[in-house]
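First the structure, in the form of structure tokens, and then the observations on it.
FYI, it's all coordinate maths here, none of it is from the lab. All values reported here derive from a predicted model rather than from experimental measurement. All Cβ positions, even for glycine, are placed from backbone atoms using ideal geometry, and neighbour counts span all protein chains on display.
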Ligand code: SF4
């Protein structure tokens, strides 16, 4: 199959309940709203496809929200609409985010039949009191049950999401979470640090002076980060991005596409896109989304359309590429921009090589171990 590569992101903005730290575009919703949303999403999938006839879809990612809240018929209908309207590569990676407490064997088997071949399960912590603090709907035992159900349903490519830096969390507790997860042998583990976002319940509780004291301090956070890499490497995982670890051959292709500047199209409420040199996103207003006549005119659906200059694209290539542990390649840079990366960033590379944050292993330039800790310091020089 030939054609330009395109990644599809499908946003499902529904959850059973809002977690206390979450600022994603997601909320609980009645079933009839979910039904209306899926109908509109299928319209959007069909209308948008006419603008991308020379593309081949290489990955599909159902994110949210909690996509696994959807009845299997919804996922089946979305996948049928994609296959009917788009050219999808035979080996496409098709992921779906799932939360414990929303999965059954029957639902998972139907997802597989619909074409989902990778599951990303949100565990966050193996400690039940931390899960309660986060406002998650499940316990660690619920997760274990879901994980086993997913394996029994035939999923042989599973990611588990974890969060460090939870209020009250100790280094011992975090290490226990990482070990217990690794012992289950998922193919991929994402371990992000908690960020206290404005507009969340956590922001009210933990952004003040007193509240901050309840969070692990900076040194503990740094220890957590180092311990994660250490523990996971003993279990056979390789860090390939600042917060992502995989067994050989199971790096997430969809997210790697984001970090390496592939084109992606976001479908569904608020979803972001980068295609044909432009960034844009779908309107965040659910009411507008549900009532728009997409066949008549789809353009009002899109907001913040931004044409990227070459300078913007170079900056993104550097900032996102440096997140990958293999770094950015001067050869790829030359191919994409017809320019010499080493000459263009001579000053920045020299400065950070001297401070021990970058290393040059031709054709790659990458963050050192110390640089991975201080990635923001390096990246701000490429903005
Ligand atoms: S399940 Fe995920 S998307 Fe939903 S509220 Fe919790 S963190 Fe947010």
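Dividing the summed -39500 (n - 2.57) terms of all DSSP H runs of n ≥ 4 by the residue count of the chain sets its mean residue ellipticity at 222 nm at -12000 deg cm²/dmol.
In percent, rounded to a whole number, the relative contact order of the stretch 68-178 is 29, using alpha-carbon pairs under 8 Å and six or more apart.
Applying Stokes-Einstein at 10 °C and 1.306 mPa s to the Kirkwood radius of the stretch 311-382, computed over alpha-carbon pairs, gives a translational diffusion coefficient of 134 µm² s⁻¹.
What value does the stretch 152-209 have for Rg/Rh, both radii from Cα atoms and Rh as Kirkwood defines it? Could you put the intermediate results ahead of the total?
Working: Rg = 14.8 Å, Rh = 13.4 Å.
In the stretch 152-209, Rg relative to Rh is 1.10.
Note on 88, 377, 47: ascending count of other Cβ atoms within 10 Å places them as 377, 47, 88, the fewest first.
Among 11, 226, 188, the order by Cβ neighbours within 10 angstrom, fewest to most, reads 226, 188, 11.
Would you compute the Debye intensity of the stretch 107-173 from its alpha-carbon atoms alone, equal scatterers and no solvent, and pass along log10 I(q)/I(0) at q = 0.20, 0.25 Å⁻¹ to two decimals? Once normalised to I(0) and log-transformed, intensities are -0.80, -1.04. The stretch 72-136 and the stretch 237-313 have Cα centres spaced 19 Å apart.
Please grab the % of Cα pairs in the stretch 4-259 that end up more than 22 Å from each other. Intermediate results must be reported in sequence, preceding the final value.
Working: 18577 of 32640 pairs.
The share of Cα pairs beyond 22 Å in the stretch 4-259 comes to 57 percent.
Got the relative contact order for the stretch 311-382 handy, in percent, Cα pairs under 8 Å and 6 or more residues apart?
Details: 75 pairs, mean separation 24.0, N = 72.
Relative contact order of the stretch 311-382: 33 percent.
Each listed q (0.19 Å⁻¹) maps to a log10 I(q)/I(0) for the stretch 163-315 from the Debye sum over equal C-alpha point scatterers, namely -1.10.
I need to check one value: relative contact order of the stretch 4-259, counting alpha carbon pairs closer than 8 Å and at least 6 residues apart, in percent. Spell out each step's value before the answer.
Values: 425 pairs, mean separation 45.7, N = 256.
Normalised by residue count, the contact order of the stretch 4-259 is 18 percent.
Enclosing the Cα atoms of the stretch 22-151 in their convex hull gives a volume equal to 114 cubic angstrom per residue. Note on residue 213 and residue 293: with the Förster distance fixed at 41 Å, the Cβ-Cβ geometry gives a FRET efficiency of about 0.20. Compactness of the stretch 95-221, taken as the C-alpha radius of gyration over 2.2 N^0.38 Å, stands at 1.14. The distance separating the Cα centre of the stretch 162-190 from that of the stretch 317-383 comes to 30 Å.
Here the residues 311, 136, 17, ranked from fewest to most Cβ neighbours within 10 Å of their Cβ, fall in the order 311, 17, 136.
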